[in-house]
Amino acid sequence: MRAYVLGFAAGVAFLQSRAGLPDWRLSLAALLLLSMLPMLANLAGRLSPVVLRARPVMFAVAPGWKAVLRLLGHFLGGFACGVLWATLFARCYLAQQLPKALEGRDIVLVGVVDSLPVLGERGLRFNFAVERALDADGRPLGGVPDKVALGWYAQPALKGRAAVPVAALQAGERWQLTVRLQRPHGNANPYGFDYEVWLLEQGLRATGYVRGDGRCLPPCRSDPRRLDTFVFGFGNAVERLRGRLRARILEALPNQPYAGVIVALVIGDQRAVGQRDWQIFARTGVSHLISISGLHITMIAGLLAALTGYLWRHSFFTRAQLPLRLPAQKAAALAGVLTALLYVLLAGFGVPAQRTLYMLAVVALAMWLNRTASVSHVLCLALLAVLLFDPWALLWPGFWLSFLAVAAILLATGGRLEIRSGALRFWQRWRAGLWAAAHIQYVLTLALVPVSVLLFGQVSLVAPVANAVAIPVISLLVTPLALLGAVLPAPLSAWLLTAAHMALQWLAGLLAWLSAPPLAIWSAPVPSLPLFLLATLGMLWLLMPRGWPLRPLGLLLFLPLLLERPERPAAGALWVTALDVGQGSALLVETAGHRLLYDTGPAYAPLTDGGNRVIVPYLKARGINRLDGLVISHNDNDHAGGALSLMGALEVGWTLSSLAQDSAIVRAAPAHRPCAAGQHWVWDAVRFEVLHPEAASYGDPQLKPNARSCTLKISTARHSVLLAGDIEAAQERQLLASMGERLRASVLLAPHHGSGTSSTAPFLAAVRPQAAIFQLGYRNRYRHPKLEVWERYGQMGIQRWRNDEAGAVSVRIDSEVTIAAYREEHSRYWYGR
């Protein structure tokens, strides 16, 4: 069975790395063919006496081959089943697609709020189960998916129009909304979050925003209307309950800094936890506790099971003699599983919660059937159950961290975690328990090093100490108090929630102190697959039980992972990576010994921007913790929006920009200088030269920020790249007059994202680029690039690359120019669908 489950998981993982979906009939045929291997093994067993009579030397070989064939057959059969199951799942979910003709059109939807609405920095976000779709004239409309993700954003007061607030939504309400939808689309960058597959996993086949309340011009059908206050359904009831518990907690803890963490511990909604808090939790390695984790579920289920067993054995202090009707162990197991199920529902059915529920369910089922279940069988059955319900679960870090942690503990302890304490005194039992807990923490810390570096590019060095304090505080104190406070009546609920918050606040202060030193975390580049497998082999060698030969030699296999350095260009070569930040600009420029960032992407909301969502995670995953230079072309949000986040997360050597001296970015920037034509420097035989703006332009207050964009030319011995910022036609003419033929470049960053005011024919003729990169967002409101500009590039024989279609674009220049698109190199079957 275990070989089959591992094969099933391998088949699911194989499919999730494919660019296209196989024909399900082909997968079924492969399954039938591979299922014959165990039959061949049995046939070999029956023929073995004949073989033995003919060749006695094979006496010890035939039984071994029979077992190998059986295991191989189970694994390969499971592999084919995994591919087939994941294929059917994917085809079912991808069957609903929003037609391109409906993107950006006003559509009237009637449906039910299908999730707990989340109040964000700009408004509400929620899932909407569509019951009916109508066009602007009220006619039925086909092609709209059954479930969509919507945003409802507040509108500030403008001239001639009052401010438009957001309605108070609750899960389970039926509404009529006028919306604009688009197909699932997210930024596509190496090491980045894949928003498109997350939407697919959630069954959300379109995203959009609500119009109305005076914002929608004719032919808008109507303003938003609440049609029913509650539509009965099990899922709606659960989400409404989660909403009420959240409201009780926030009401009892108004304006408290860690109220969002209390909410996460009670109902699993982590979206109110602050970005700074997440950074502290990540640096101390306790992020797994800031939610409904498997540890919390097991603890609560165990407490309820123990209480039920005690009361059942005493027949709830009646004369019912309940143990004669049902053994107390079975009643306790049932109560524990039901408690775990309720808690998992409150958690939104996340992967760590699912894994714990399935494990507890398997143990309870074995008890009810009077069977003994080994721990490895329980783990494999939980793995199978998770992938049956959610084949995309293995794409997320939580899946690997949760299962690998349990597997590592089982490997290091041989599946025996009990402490033999019958003949021990209290202090001896206490010492033995402390030693066991320390050993498990050591095992977890060591086991998760390779996968943590692979997934996050860093490992917390203070995690053992932080977890030793945080696990008992959160699991034994904060979580029980928070759960009781969420359900008990006032004023008792407020007292308990306040006590839970005080304990959490004390813990957060300790974690902040632990996370402050630079050495709290160890960063490394995300390793290649061979290095990861080598380090994993070393980890397995170290974690083998006592008696395993030469266990310390496993450390040698860790050395390549620990000593790996970030990848760099060769001397004289140049790498430029145009990151996919949406409607904005951000390019990483690398030479053999230096790195420069040109622009920092847009600000998406007050606390989220291209810096902390795209650029910093990419640089950290590459093992880059310092930038030698930062160029911010001008003061527009889509170019400078991520600057402050970037400078807060990384060391920056110096900064060039055209920003005003009183700008917050300039005040925070190290060694800031205004960019001006004529500035130049050489790094590793690569020349950098600022072509625009002229120094005198800073004295002209009438110039728009675009007109003062820092324009940078980067040249190797044979090729060059021209980064033009948002210059427009007037600035292009100035460059033609001042530079002439010196504008020639192999690669051009299309000026102003391909707007109609830039990329004039004379400018393109002077630059004569081999390729042009358009940094822009999917269906951006500016409609960049303009059709006539896009066609102009094509008519001049220039290769065109755009981030909204290609994802991150990588340019590598040595003797030749090589350009690659992330969505092509990392193609997945859900891209563009």
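Selection over the range 107-154 of residues that are touching a residue at least 60 places away in the same chain (Cβ under 8 Å) and among the acidic types (Asp, Glu) gives a count of 3. Just to verify a result, which residue in the range 477-486, among those that are among the aliphatic types (A, V, I, L, M), touching a residue at least 24 places away in the same chain (Cβ under 8 Å) and over 12 Å from Leu507 (Cβ atoms), is surrounded by the most Cβ atoms within 10 Å (Cβ to Cβ)? Among those that are among the aliphatic types (A, V, I, L, M), touching a residue at least 24 places away in the same chain (Cβ under 8 Å) and over 12 Å from Leu507 (Cβ atoms), it is Ala482. All conditions in (1) within 29 Å of Ala272 (Cβ to Cβ); (2) modelled with pLDDT of 90 or more hold for Ala157, with the sole exception of (2). The single residue among Ala649, Ala621 that is touching a residue at least 60 places away in the same chain (Cβ under 8 Å) and farther than 22 Å from Val690 by Cβ turns out to be Ala621. The number of residues in the range 530-549 being open to solvent by 40 Å² or more (accessible area, probe 1.4 Å) and touching a helix residue (DSSP H, G or I) at 6+ places or on another chain (Cβ under 9 Å) comes to 9.
Specify the residue that is surrounded by the fewest Cβ atoms within 10 Å (Cβ to Cβ); the eligible residues are those in the range 808-821 that are among the hydroxyl-bearing types (Ser, Thr, Tyr) and not in a loop (DSSP other than H, G, I, E, B). Write out each step before concluding.
Let us first name the residues in the range 808-821 that are among the hydroxyl-bearing types (Ser, Thr, Tyr), namely 810, 815, 818.
Filter again for not in a loop (DSSP other than H, G, I, E, B), leaving 810, 818.
On the way: Ser810: 20, Thr818: 10.
Out of the qualifying residues, it is Thr818.
In summary, Asp599 fulfils each of the numbered conditions (1) over 30 Å from Arg783 (Cα atoms); (2) touching a residue at least 40 places away in the same chain (Cβ under 8 Å); (3) among the charged types (D, E, K, R) with the single exception of condition (1).
Of all residues in the range 175-212, those satisfying the criterion of being among the aromatic types (Phe, Trp, Tyr) and out of contact with any strand residue (DSSP E or B) (no Cβ under 7 Å at 6 or more places or on another chain) are Tyr191, Phe193, Tyr195, Trp198. Filtering the range 357-380 to residues that are out of contact with any Phe, Trp or Tyr (no Cβ under 9 Å at 6 or more places or on another chain), assigned to a helix (DSSP H, G or I) and more than 16 Å from Leu334 (Cβ to Cβ) leaves Val375, Ser376, His377.
Looking at Glu824, Glu805, Glu788, just one residue is loosely packed, with under 15 Cβ neighbours inside 10 Å, within 26 Å of the chain's Cα centre (by Cα), outside any loop (DSSP other than H, G, I, E, B) and not aliphatic (A, V, I, L, M), and that residue is Glu824.
Assessment of the range 335-342 against the conditions (open to solvent by 20 Å² or more (accessible area, probe 1.4 Å), part of a helix (DSSP H, G or I) and either over 25 Å from Val266 (Cα atoms) or in contact (Cβ under 8 Å) with a residue 40 or more places away in the chain (or both)) yields no matching residue.
Of all residues in the range 518-540, none are touching a Phe, Trp or Tyr at 6+ places or on another chain (Cβ under 9 Å), of a type in the set (A, V, I, L, M, F, W, C) and assigned to a strand (DSSP E or B). Of the residues in the range 792-800, at least one is assigned to a strand (DSSP E or B), modelled with pLDDT of 95 or more, open to solvent by 40 Å² or more (accessible area, probe 1.4 Å) and of a type in the set (Lys, Arg).
Cβ separations smaller than 6 Å between residues 6+ apart or across chains give the following pairs from the range 784-797 residues that are under 22 Å from Asp638 (Cβ atoms) to residues that are part of a loop (DSSP other than H, G, I, E, B): His784/Ser755; His784/Leu776; Lys786/Gly756; Val789/Ser759.
When the residues of the range 725-740 are filtered to those that are free of Cβ contacts under 8 Å to residues at least 40 places away in the same chain and open to solvent by less than 10 Å² (accessible area, probe 1.4 Å), the one that is farthest from the chain's Cα centre (by Cα) is Glu732.
Pro489: within 30 Å of Leu563 (Cβ to Cβ) and surrounded by fewer than 20 Cβ atoms within 10 Å (Cβ to Cβ), yes or no? Against the criterion (within 30 Å of Leu563 (Cβ to Cβ) and surrounded by fewer than 20 Cβ atoms within 10 Å (Cβ to Cβ)), Pro489 does not qualify. Evaluate the range 572-588: report whether one residue or more is more than 30 Å from Pro785 (Cα to Cα) and loosely packed, with under 13 Cβ neighbours inside 10 Å. No, the range 572-588 contains no residue that is more than 30 Å from Pro785 (Cα to Cα) and loosely packed, with under 13 Cβ neighbours inside 10 Å.
Among the candidates Ala516, Ala508, Ala494, Ala499, which residue alone is free of Cβ contacts under 8 Å to residues at least 24 places away in the same chain, surrounded by 15 or more Cβ atoms within 10 Å (Cβ to Cβ) and small (Gly, Ala, Ser)?
On the way: Ala516 fails: surrounded by 15 or more Cβ atoms within 10 Å (Cβ to Cβ); Ala508 fails: free of Cβ contacts under 8 Å to residues at least 24 places away in the same chain; Ala494 fails: free of Cβ contacts under 8 Å to residues at least 24 places away in the same chain.
That would be Ala499, the only listed residue that is free of Cβ contacts under 8 Å to residues at least 24 places away in the same chain, surrounded by 15 or more Cβ atoms within 10 Å (Cβ to Cβ) and small (Gly, Ala, Ser).
Checking the conditions here, which among Leu379, Leu369, Leu387 is modelled with pLDDT of 80 or more and open to solvent by 50 Å² or more (accessible area, probe 1.4 Å)? I'd like the intermediate steps shown before the answer.
Numbers: Leu379 fails: open to solvent by 50 Å² or more (accessible area, probe 1.4 Å); Leu387 fails: open to solvent by 50 Å² or more (accessible area, probe 1.4 Å).
Selected residue: Leu369, the only one of Leu379, Leu369, Leu387 that is modelled with pLDDT of 80 or more and open to solvent by 50 Å² or more (accessible area, probe 1.4 Å).
If only residues of the range 185-199 that are among the hydrophobic types (A, V, I, L, M, F, W, C) and more than 15 Å from Tyr93 (Cβ to Cβ) are counted, the one that is surrounded by the fewest Cβ atoms within 10 Å (Cβ to Cβ) is Phe193.
Here's a check for you: in the range 741-785, which residue that is among the polar types (S, T, N, Q) and either open to solvent by 60 Å² or more (accessible area, probe 1.4 Å) or in a helix (DSSP H, G or I) (or both) is farthest from Asp726 (Cα to Cα)? Walk me through it before giving the result.
We begin by selecting, within the range 741-785, every residue among the polar types (S, T, N, Q); these are 746, 755, 757-760, 770, 775, 780.
Retained after the next criterion (residues that are either open to solvent by 60 Å² or more (accessible area, probe 1.4 Å) or in a helix (DSSP H, G or I) (or both)): 757, 770.
Details: Thr757: 10, Gln770: 20 Å.
Here the residue is Gln770.
Could you please let me know if Leu722 is over 32 Å from the mean Cα position of the chain (by Cα) and assigned to a helix (DSSP H, G or I)? Answer is no for this residue.
Residues that are loosely packed, with under 11 Cβ neighbours inside 10 Å and on the phi < 0 side of the Ramachandran plot within the range 550-565 comprise Pro552, Leu563, Arg565, listed in sequence order. Here the range 270-284 is the region considered, the condition is being modelled with pLDDT under 85 and over 15 Å from the mean Cα position of the chain (by Cα), and the residue that is least open to solvent (accessible area, probe 1.4 Å) is Gly274.
The values are calculated or read from the model by the stated rules, or taken from the named source; none is laboratory data. Quantities reported herein were computed from a predicted structural model and do not represent experimental measurements. Every residue, glycine among them, receives a Cβ derived from its backbone with ideal geometry; neighbour counts consider all protein chains shown. For accessibility, only protein heavy atoms count, side chains too; no ligands or nucleic acids. Shrake-Rupley method; radii C 1.70, N 1.55, O 1.52, S 1.80 Å.
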